[in-house]
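Peer 1: Here it is, the structure in full.
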Protein chains: 2
Amino acid sequence: METPVTKLFNIEFPVVSGGMVWCSGWRLAAAVSAAGGLGLIGAGSMHPETLAEHIAKTRAALAGTGRPFGVNVPLFYPEIEKIIGILINEKVPVVFTSGGNPALYTERLKSAGITVAHVVASARFARKAEAAGVDAVVAEGFEAGGHNGREEITTMTLIPQVRAVTKLPLLAAGGIATGRGMLATMALGADGVQMGTRFALSQESSAHEAFKNLCTTIGEGDTMLCLKKLSPVRMIRNDFYRQVAEAEARGASAEELRELLGAKRSKRGIFEGNLQEGELEIGQIASLIRKIEPVADIMQNIANELREAVKEVRQWEI
Amino acid sequence: METPVTKLFNIEFPVVSGGMVWCSGWRLAAAVSAAGGLGLIGAGSMHPETLAEHIAKTRAALAGTGRPFGVNVPLFYPEIEKIIGILINEKVPVVFTSGGNPALYTERLKSAGITVAHVVASARFARKAEAAGVDAVVAEGFEAGGHNGREEITTMTLIPQVRAVTKLPLLAAGGIATGRGMLATMALGADGVQMGTRFALSQESSAHEAFKNLCTTIGEGDTMLCLKKLSPVRMIRNDFYRQVAEAEARGASAEELRELLGAKRSKRGIFEGNLQEGELEIGQIASLIRKIEPVADIMQNIANELREAVKEVRQWEI
């Protein structure tokens with residue numbers, strides 16, 4: 001399938017796996033790229049040396065295939081300068097930046113020959129990303145897991161508005177886990193999709209099995225966006241969430257919430273499998289995923305679902 | 001266009017206009033039905049006598065056309081018994097119930113020969129509605145204006161999950177204002193759509209001109225879901241909203257919020273055009289609507305957009 005996204009990244013099918021903390025290591029990134037999509041390594045939960053190692057392993061896994069891969073970098077990352085240095089030294093083919101000002105590093109990355117996409121949660125920031133010179137935009141809605149925009153714009157309302165302000169290749173993200181979701185967002189104007197939750201819950205994801213298994217049992221309302229006085233995060237309603245919600249309901253300050261959050265909560269939950277005390281970041285669409293499958297099967301299913309949905313639309317008489 | 005929704009309601013095009021407080025009088029309902037959709041009168045902001053008058057006027061406007069129409073009734077309405085009596089006496093063709101237990105009145109309405117749909121915000125409630133014997137389900141996402149579900153499930157994640165639990169004719173609602181939005185939600189499993197915001201901002205809507213004009217200028221993040229300790233409502237971020245947000249941030253109780261809300265806030269804002277003190281209920285998708293057009297044009301545009309989007313999908317090579 002050819003779209004502006006497949007052409008830009010030189011991939012076969014316009015599906016990117018999100019660079020998710022504690023999930024998106026080299027195994028996941030390489031598997032998605034090997035299957036014809038674009039796999040991203042998530043630098044947000046890696047020390048710079050760890051990232052370099054994952055880049056090397058992804059390269060090794062894809063050796064001889066000519067397939068590209070990418071790295072997602074949250075721009076508020078403390079060791080951001082070191083990370084940017086590694087990405088440039090390693091000449092990583094694609095970098096997705098998120099959670100910060102795209103004007104900061106886009107030019108440096110691009111002059112090193114790297115293709116750059118930036119993740120936004122509004123059309124306003126899509127414009128800023130375009131002005132900063134990015135090659136593509138990822139528009140991520142309120143339903144997405146983990147860190148999220150303050151304006152709570154959903155994928156359904158976000159995509160047409162981002163499409164209206166930019167001609168850049170556009171990836172839709174948030175609430176998409178199937179070929180039908182792909183068709184839906186592409187009908188709204190996207191050229192492809194970034195799926196996080198779908199791949200966080202794959203066999204190749206480095207998340208803890210207990211976390212993955214819990215995600216395949218949660219119901220449709222079992223994630224919520226919270227910590228809005230800090231930086232909004234979507235997580236599962238577990239014991240830790242309930243403490244946060246209780247504190248927020250009584251008007252807890254940002255200070256108090258920061259203390260309650262403490263350090264390494266997401267690692268404890270997602271990577272170490274502490275389902276009570278951890279911060280269990282996952283998207284709302286998790287409730288549609290009931291099995292942990294290998295990436296190759298997931299990619300095949302998405303393509304089949306898309307083909308079936310397109311076939312149905314072709315039969316409409318209007 | 002034929003779908004389970006057009007067949008159930010005996011309409012030409014699977015678009016229903018929501019029964020919105022202070023917007024959906026007989027003019028709007030009759031115009032949508034006359035244009036081949038299903039127009040709903042919004043009983044939520046009407047005294048029983050007013051409703052009877054609007055039903056009579058809608059009937060008169062549609063006389064000789066054979067077109068149906070409907071009434072939306074919030075089940076928590078104080079004079080609900082009187083309203084149900086009127087709907088049955090008048091043999092209104094279609095009733096949409098919302099915001100309450102569908103088991104309460106579905107059987108009475110259905111034995112009077114009325115087609116009944118129920119509005120839900122989760123798959124769990126879709127199941128309950130089906131068990132109560134409704135003929136159709138409206139699944140409305142977090143991005144919708146006005147009263148909304150507690151679980152904050154977006155349209156993108158809600159529709160496939162409701163589709164998975166019921167074979168009933170399914171209408172998608174929340175964040176849909178165009179033919180592209182229609183295709184998106186129908187690709188996810190809906191058989192048609194209910195649009196609220198799109199028709200609240202039509203010439204035939206009975207909302208105040210000042211309210212309508214404001215809505216055509218607001219940006220993508222200018223509505224928020226709030227009053228969650230009472231019943232969650234999406235409204236524009238005006239002075240009144242800021243008072244609510246400030247109270248909520250410091251942990252105001254339900255009591256305090258109820259007092260702050262007071263009475264007739266939505267009437268003051270939407271119907272009387274008090275843009276500072278009123279409760280300005282509208283959907284997130286308002287930021288995509290920049291013109292107040294007549295219903296006939298809106299319906300034509302939606303059909304054209306849908307046709308164009310379908311044509312594009314037909315050209316995909318996958």
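The values are calculated or read from the model by the stated rules, or taken from the named source; none is laboratory data. In this text, all values refer to a predicted model and were calculated from it rather than measured experimentally. Methodologically, a virtual Cβ is constructed for each residue, glycine included, from the backbone with ideal geometry; neighbour enumeration extends over all protein chains shown.
Peer 1: Looking only at region B:126-155, filter to residues that are in a helix (DSSP H, G or I) and more than 23 Å from B:L38 (Cα to Cα); which one of those is farthest from the other protein chains (Cβ to nearest Cβ)?
Peer 2: Out of the qualifying residues, it is B:A131.
Peer 1: Name every residue in region A:203-234 that is among the polar types (S, T, N, Q), buried (at least 23 other Cβ atoms within 10 Å of the Cβ) and more than 23 Å from B:I159 (Cα to Cα), in order of residue number.
Peer 2: Selection gives A:S205 alone.
Peer 1: Is it the case that some residue within region A:191-211 is at the interface with chain B (Cβ under 7 Å from one of its Cβ atoms) and in contact with a Pro (Cβ under 6 Å, 6 or more places away or on another chain)?
Peer 2: The answer is no; no qualifying residue exists.
Peer 1: Just to check your reading of the model, which residue among A:G141, A:G174, A:G192 is without any contact (Cβ under 8 Å) to a residue 60 or more places away in the chain, buried (at least 22 other Cβ atoms within 10 Å of the Cβ), in contact with a Ser or Thr (Cβ under 6 Å, 6 or more places away or on another chain) and not hydrophobic (A, V, I, L, M, F, W, C)?
Peer 2: The conditions single out A:G141.
Peer 1: Which members of region B:14-45 meet the condition of being closer than 17 Å to B:L171 by Cα and surrounded by fewer than 24 Cβ atoms within 10 Å (Cβ to Cβ)?
Peer 2: Passing the criteria: only B:G36.
Peer 1: So which of A:E49, A:E2 is farther than 21 Å from A:H147 by Cα, part of a helix (DSSP H, G or I) and out of contact with any Phe, Trp or Tyr (no Cβ under 7 Å at 6 or more places or on another chain)?
Peer 2: A:E49 is the lone residue from the list that is farther than 21 Å from A:H147 by Cα, part of a helix (DSSP H, G or I) and out of contact with any Phe, Trp or Tyr (no Cβ under 7 Å at 6 or more places or on another chain).
Peer 1: Could we say that B:I292 is away from chain A (no Cβ under 14 Å), under 21 Å from the mean Cα position of the chain (by Cα) and among the hydrophobic types (A, V, I, L, M, F, W, C) here?
Peer 2: yes
Peer 1: Looking only at region B:79-93, how many residues end up being in a loop (DSSP other than H, G, I, E, B) and surrounded by 14 or more Cβ atoms within 10 Å (Cβ to Cβ)?
Peer 2: 4
Peer 1: Also: How many residues does region B:218-257 contain that are away from chain A (no Cβ under 12 Å), closer than 12 Å to B:L280 by Cβ and assigned to a loop (DSSP other than H, G, I, E, B)?
Peer 2: The qualifying residues number 1.
Peer 1: Tally the residues that are buried (at least 16 other Cβ atoms within 10 Å of the Cβ) and not in a loop (DSSP other than H, G, I, E, B), restricting the search to region A:94-110.
Peer 2: 8
Peer 1: Being touching a helix residue (DSSP H, G or I) at 6+ places or on another chain (Cβ under 9 Å), farther than 30 Å from B:G36 by Cα, in contact (Cβ under 8 Å) with a residue 60 or more places away in the chain and of a type in the set (A, V, I, L, M, F, W, C) narrows it down to one of B:L275, B:L227, B:L260, so name that one.
Peer 2: Of B:L275, B:L227, B:L260, the one residue that is touching a helix residue (DSSP H, G or I) at 6+ places or on another chain (Cβ under 9 Å), farther than 30 Å from B:G36 by Cα, in contact (Cβ under 8 Å) with a residue 60 or more places away in the chain and of a type in the set (A, V, I, L, M, F, W, C) is B:L275.
Peer 1: One residue is enough: does region A:167-174 have a residue meeting the conditions outside any helix (DSSP H, G or I), on the phi > 0 side of the Ramachandran plot and facing chain B (nearest Cβ under 9 Å)?
Peer 2: The answer is yes; a qualifying residue exists.
Peer 1: Identify, from the list B:E279, B:E308, B:E312, the residue that is in a loop (DSSP other than H, G, I, E, B) and either modelled with pLDDT of 95 or more or surrounded by 24 or more Cβ atoms within 10 Å (Cβ to Cβ) (or both).
Peer 2: Criteria check complete, one pass: B:E279.
Peer 1: Of all the residues that make up region B:12-26, how many are more than 14 Å from chain A (Cβ to nearest Cβ) and in a loop (DSSP other than H, G, I, E, B)?
Peer 2: 8
Residues are listed down the side, and each one gets a yes or a no for (1) at pLDDT below 95; (2) buried (at least 23 other Cβ atoms within 10 Å of the Cβ); (3) more than 17 Å from the chain's Cα centre (by Cα); (4) in the same structural domain as B:S111 (by TED's automatic domain parsing):
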residue	(1), (2), (3), (4)
B:R124	no, no, yes, yes
B:G145	no, yes, no, yes
B:E151	no, no, yes, yes
B:T154	no, yes, no, yes
B:T157	no, yes, yes, yes
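Peer 1: Moving on to the next point. Which one of the conditions (1) in a loop (DSSP other than H, G, I, E, B); (2) of a type in the set (A, V, I, L, M); (3) more than 16 Å from the chain's Cα centre (by Cα); (4) within 11 Å of chain B (Cβ to nearest Cβ) does A:A164 fail to meet, given that it meets all the rest?
Peer 2: Tallying (1) in a loop (DSSP other than H, G, I, E, B); (2) of a type in the set (A, V, I, L, M); (3) more than 16 Å from the chain's Cα centre (by Cα); (4) within 11 Å of chain B (Cβ to nearest Cβ), A:A164 fails exactly one: (1).
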